[in-house]
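These notes concern the structure reproduced below.
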Amino acid sequence: MKKRILSLLCMLPLGSIHAQTQCTYWGDFNTQAKTQMITLNQPSENKLSIAGQLLYRPLKQDETSYWLGLQLVSPQVEVDQQTINAALYGVPFAVKVNAKTKLVSDYHFAGKLKPADQQKLIAIYHSLHSEHLHQADLSEPMVRKESDDLGQYTVSYALNHDKSITRSKVNYFTTKQSGNMFDFALPDVIDDEFVLKLDHCGLRALQGENHTSVQTKKGDIKVAVEQKVQFKVNPAPIPSSTLLLTLDDNPLKWPMLSEHVLYPRPPANPLKDANAFIAALKGLDISNLTNEQLGQLLYDNQIYLASLKQLIKSQELADKMLSKLFLMVGKNDSSYAHQLLVDVYLDPDIAGKQRFRSLMGLKYAEQPLAPELVDQILDSAQQQSEGEQKRLSNSALMVLGVIAKNQSGSEFSSYVGERLAQQLKQTSDARRQVSILAALGNSGDSAQQDKIADYLNSSDTRLRTQAAESLGKMPNQESLNYITDQLGIEQDKNTQAALLRAMGNNELDSKQIDGLFSYSQSQPQQVRLAAIEALAQQAKTEPKLKARLKMLVKSEKDQQVQRALMKAVYGG
């Protein structure tokens, strides 16, 4: 219920922004919302006020889609007239829009926001989204069906004499249920009218108000929200240091503000020394501690984490306790935690199971690893080895790729990608090349895609297959060109399947989609299955494809492919 109320508070009805120009601008933004709630006859009231400079910047675009960048600069937020920390509202975020349908297909944030806080920014864009108005003929009033967090509704648009546009929400006709015990009735639009002024760059001014109420069918919960919103373009220059202006045109290359930066914790409260820390751990049944309790203990005593190595080596802790300890050390994500986990991995006197767990803990790193730790891992992985050590080395490479992906767009991510590419060039061992290609794929570093694509020409099918899989993890037009070019000449069925799946991770045009359908029939099972899985990815943003996929169900005999078809058509 709290999420539903939060979404009501955060529905900020701004106007359209036209992304297909090179316009970058900002404006004075202000909204006040009053929420009145009655729960089991107990009334309550909340007030929310948000103000700041709303910055808009067009980002990367291609034939099928474009990205919009938004940031609320210097936000000021008050809840019940009390100022709160507004840093989360100032995180830049990007919205990916289908160039044809104008539907949103993806979001990307310049910070590791919690899902509820992501929804605050998404809710801001939901009411910003009116790209369709730039192509609409408003010589006569236009009525459309749209949706928000409450459900689907009809809305009318009318062109005024001064070329402004009046937008009025008419009524809801379906309700979006909350997914829990609450069963909501249709929301009631008491009042809704906004006047928008747009030009070729987008929104220039907006003013209006909304009054909506919703209640459960039982009538035991009632919520009413009243909002007033104002926006007006500010002609003052935008400071060049504003974060959104400093970021890459491709949102997927943005460096990420970590959760530790966005959600700073209070100062640590460590025990007297490392011996007291170890004694405290030994005196506890770690397996029965909650993650929060163990995490807090490790956070308070992170300066002593190095002392855990000897405890791990001594095998004094039960296996279940060690498993949980490695997990929470990884989530501690401090330089002390990084050092301990790498030290455990590199120590041949520690059991392989615990060394592997140290790598799995390291996967949670969102803060950059020190370059010397990266070098130590890569140097160790480069040594000739067999058996368990070889498997550990391959896992270490994979984990480095995952950490680089966690910090996509950062200097650290680029450093890891470059070091992996160097090792790829220096080795001639095919099995090691496969591992490094997989690690590069995990990193998602498109700066290395040319080096990966070289292996599509290998005579070794393992290398071609892995190169295809890795390119599929960095979807963009260039990698897609590599994939489709190779698909046209590839003869190996497993590699064909990898190429098809990699295609599906991109936004495809109608010709490419037709190509996928041609592979979904009269082909070996693994090829048909891969084509269906790729088409399922496309159907997420092109629902009309489901009808074509449904037609394949009756003719398909293989159960695994049938299941993939049913999942693509019906979901779940």
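The values are calculated or read from the model by the stated rules, or taken from the named source; none is laboratory data. Nothing here was measured: the structure is a model prediction, and the numbers come from that model. Note: ideal-geometry Cβ built from the backbone for every residue, glycine included; neighbour counts use all protein chains shown. Each accessible area value is taken on the protein alone, full model and side chains, heavy atoms only, with ligands, DNA and RNA left out. Shrake-Rupley method; radii C 1.70, N 1.55, O 1.52, S 1.80 Å.
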**Study point:** Convex hull per residue volume in Å³, alpha carbons only, for the stretch 121-200
**Key:** 107
Review point. Considering the dipole of the chain built from charges on the beta carbon (Lys and Arg +1, Asp and Glu -1) around the Cα centre, which of Q32, L373, I303 is farthest to its positive end?
Key: Q32
Practice item. Leaving ligands, DNA and RNA out of it, work out the accessible area of K176 with a 1.4 Å probe and give it in Å² to the nearest 10. Key: 100
Study note, to complete from the structure: Under the Karplus relation with 6.51, -1.76 and 1.60 and θ = phi - 60°, whole-Hz ³J(HN,Hα) for the stretch 550-562, x at Gly and Pro, equal 4, 5, 7, 4, 5, 8, 7, 9, 6, 5, 5, 5, 4
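How high is the relative contact order of the chain, in percent, counting Cα pairs under 8 Å that sit 6 or more residues apart? Can you show the working numbers first?
On the way: 1047 pairs, mean separation 51.5, N = 572.
About 9 percent, as a whole number.
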Practice item. Would you mind working out the magnitude of the charge dipole of the chain relative to its Cα centre, with +1 at each Lys and Arg C-beta and -1 at each Asp and Glu C-beta, to the nearest 20 Debye? Key: 1300
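Let's test the formula: R0 of 25 Å, r as the Cβ-Cβ distance of V170 and S74. What FRET efficiency results, to the nearest 0.05?
Values: r = 36 Å, r/R0 = 1.43.
After rounding to 0.05, the efficiency reads 0.10.
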Study note, to complete from the structure: Taking a label point 7 Å from the Cα of Q562 along Cα-to-Cβ, the residues of the stretch 502-530 whose backbone nitrogen sits under 17 Å from it are 521-522, 525-526, 528-529
Practice item. Over the stretch 274-400, calculate the relative contact order: mean separation of alpha carbon pairs under 8 Å at least 6 apart, over the residue count, as a percent. Key: 22
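Do the sum for the chain: with -39,500 (n - 2.57) for every DSSP H run of n ≥ 4, divided by all residues, what is the mean residue ellipticity at 222 nm, to the nearest 500 deg cm²/dmol?
Values: 22 runs with 242 residues, N = 572.
The helix-only estimate for the chain comes to -13000 deg cm²/dmol at 222 nm.
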Study note, to complete from the structure: About its Cα centre, the stretch 366-481 carries a charge dipole, from +1 on Lys and Arg Cβ atoms and -1 on Asp and Glu Cβ atoms, whose size in debye to the nearest 20 is 360
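How big is the Kirkwood radius of the stretch 238-291, worked out from every pair of different alpha carbons and given in Å to one decimal? Can you show the working numbers first?
Working: mean 1/r = 0.0631 Å⁻¹.
For the stretch 238-291, the Kirkwood estimate is 15.9 Å.
What whole-number value in Å² describes the accessible area per residue of the stretch 422-572 for a 1.4 Å probe? Please list the in-between numbers first.
Numbers: 7270 Å² over 151 residues.
Per residue, the stretch 422-572 has 48 Å² of solvent-accessible surface.
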Review point. Pairing the Cα long axis of helix 115-128 with the longest principal axis of the chain, what angle in degrees results, from 0 to 90 and rounded to the nearest 10?
Key: 40
Study note, to complete from the structure: Pseudo-spin-label distance E63 to S510, built 7 Å along Cα→Cβ, given in nm, is 1.2
**Study point:** Whole-Hz ³J(HN,Hα) from phi, Karplus 6.51 cos²θ - 1.76 cosθ + 1.60, for the stretch 65-77, glycine and proline x
**Key:** 7, 8, 10, 10, x, 9, 8, 8, 8, 6, x, 10, 10
Check your understanding: Given R₀ = 60 Å, FRET efficiency for K272-K222 by Cβ-Cβ distance, to 0.05?
Key -> 0.65
Exercise for review: Find which of N457, S408, N234 sits farthest along the positive direction of the dipole of the chain, computed with +1 on the beta-carbon of Lys and Arg, -1 on that of Asp and Glu, about the Cα centre.
Suggested key: N457
Exercise for review: Would you mind checking which residues have amide H under 5 Å from N234's amide H? H placed 1.01 Å from N; only 5 or more apart, or other chain.
Suggested key: W26, G27, D28
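Please list the equivalent ellipsoid semi-axes of the chain, computed as the square roots of five times the alpha-carbon gyration tensor eigenvalues, in descending order and whole angstrom.
Details: eigenvalues 384, 231, 110 Å².
With the √(5λ) rule applied to the chain, the semi-axes are 44, 34, 23 Å.
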Check your understanding: Which value in nm describes the separation of the simple spin-label points at K320 and Q382, placed 7 Å from the Cα toward the beta carbon?
Key -> 4.3
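Sorted by mean Cβ packing within 10 Å, highest first, what order do the peptides 517-525, 366-374 take? Working shown, then result.
Numbers: 517-525: 15.2, 366-374: 17.8.
The peptides rank, most packed first, as 366-374, 517-525.
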Practice item. Go through Y519, A547, T154 and say which Cα lies farthest out towards the positive end of the charge dipole of the chain; charges sit on Cβ, +1 for Lys and Arg, -1 for Asp and Glu. Key: A547
Point to revise | lysines with Cα under 21 Å of K544, excluding same-chain neighbours fewer than 8 positions away | key: K96, K100, K102, K145, K511, K554, K567
Review point. If the chain between A280 and D248 were fully stretched, how many nm would it gain, using 0.36 nm times the residue separation less the Cα-Cα distance?
Key: 6.8 nm
Review point. Under a plain spin-label model, where a point goes 7 Å from the Cα along Cα-to-Cβ, how far apart in nm are D454 and E193?
Key: 6.7
Revision key, fill the gap. In order over the stretch 30-35: 3J(HN,Hα) from phi, Karplus 6.51/-1.76/1.60, θ = phi - 60°, whole Hz, x for each Gly or Pro, gives 8, 9, 10, 10, 10, 10
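Can you give me the % of accessible surface on the stretch 321-475 that is carbon or sulfur? Probe 1.4 Å, all protein chains present, nothing else counted. If you can, show how the numbers build up before the last one.
Details: 2850 of 6110 Å².
In the stretch 321-475, the share of accessible area belonging to carbon and sulfur is 47 percent.
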Point to revise | Cβ-derived FRET efficiency at R0 25 Å, K34 paired with Q207, nearest 0.05 | key: 0.90
Check your understanding: Rounded to the nearest 20 Debye, what is the dipole magnitude of the stretch 125-279 about its Cα centre when Lys and Arg each give +1 and Asp and Glu each give -1 at the C-beta?
Key -> 260
